[in-house]
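Enquirer: Here it is, the structure in full.
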Amino acid sequence: MDSQGEENFSEFYERWISQLEGHLRLLLVAPPQQQHSGEADFRPIVNKLTAHHKEYYRIKWASAQNDALPFFAPEWLSPLENAYLWVTGWKPSLAFRLVESLKEARSESGSSLAGLSEDQVRGIEALRVRIKAEEERVEREMERQQVAMADRKMVEVARLDGEAAEVEVALKGLVAGMEKVMKMADCVRLKTMKGVLDVLSPMQCVQFLAATSMMQIQMRKWGKVTNKCCN
């Protein structure tokens with residue numbers, strides 16, 4: 001991705017975060033306004049936010065088609081945000097820690113996740129085990145791509161007198177490998193979100209999505225404050 005592509009994605013990301021804040025406001029006011037409504041009334045809000053996340057990955061993958069490397073150290077994120085990245089995004093297992101935190105919330109806080117049924121708890125735990133295995137598979141592939149740098153053929157290409165054409169082919173192979181890892185990780189993130197939402201009730205989905213959105217937005221704000229303090 002060239003400098004223009006990075007600038008375009010940076011602008012997209014700022015709009016996306018701003019829109020996420022708008023969705024979060026809807027999520028935060030929904031329970032008090034609809035506490036006597038049916039669970040189905042929460043579905044439009046949940047669907048709108050999940051569609052928002054899917055749009056992010058659609059644009060991300062399109063932007064990374066020619067060069068995924070900028071997503072491993074994105075300039076559009078603050079150093080604080082970059083420090084918490086796991087293969088270009090949030091680590092899927094974080095979702096389960098968040099569910100556990102919401103589940104343990106005191107009943108007076110209004111968290112309906114405190115009342116997860118036994119079936120829901122089993123469903124979340126089964127999903128957690130599957131996602132942990134998926135995370136490990138991504139990490140093994142990432143390690144494989146890194147080790148490939150020391151491959152004999154790569155060492156030959158890296159010689160100072162290496163042919164330009166050979167170097168270009170080798171670099172394309174490396175970039176393609178990193179794009180593969182990025183998409184693997186993104187698929188695990190999407191699978192995690194869908195899996196959790198499938199287990200939760202619509203009202204619980206609203207509270208889970210509100211918590212995840214708030215974390216992402218606050219991390220963004222904290223990162224900007226940290227940048228100002230350090231500069």
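The values are calculated or read from the model by the stated rules, or taken from the named source; none is laboratory data. These numbers come from a predicted model, not from an experiment. Cβ: placed from backbone, ideal geometry, glycine included. Neighbour counts: every protein chain shown. All accessible areas refer to the heavy atoms of the entire protein, side chains included, with ligands and DNA or RNA removed. Shrake-Rupley method; radii C 1.70, N 1.55, O 1.52, S 1.80 Å.
Enquirer: For region 74-108, enumerate the residues that are closer than 15 Å to R189 by Cβ, assigned to a loop (DSSP other than H, G, I, E, B) and open to solvent by less than 70 Å² (accessible area, probe 1.4 Å).
Expert: L85, V87, T88, K91, P92, S93
Enquirer: Filter region 173-205 down to residues that are of a type in the set (K, R) and out of contact with any Pro (no Cβ under 6 Å at 6 or more places or on another chain) and give me whichever is most open to solvent (accessible area, probe 1.4 Å).
Expert: Here the answer is K194.
Enquirer: Can you tell me which of A114, A126 is at pLDDT 90 or above and part of a helix (DSSP H, G or I)?
Expert: Exactly one residue qualifies, and that residue is A126.
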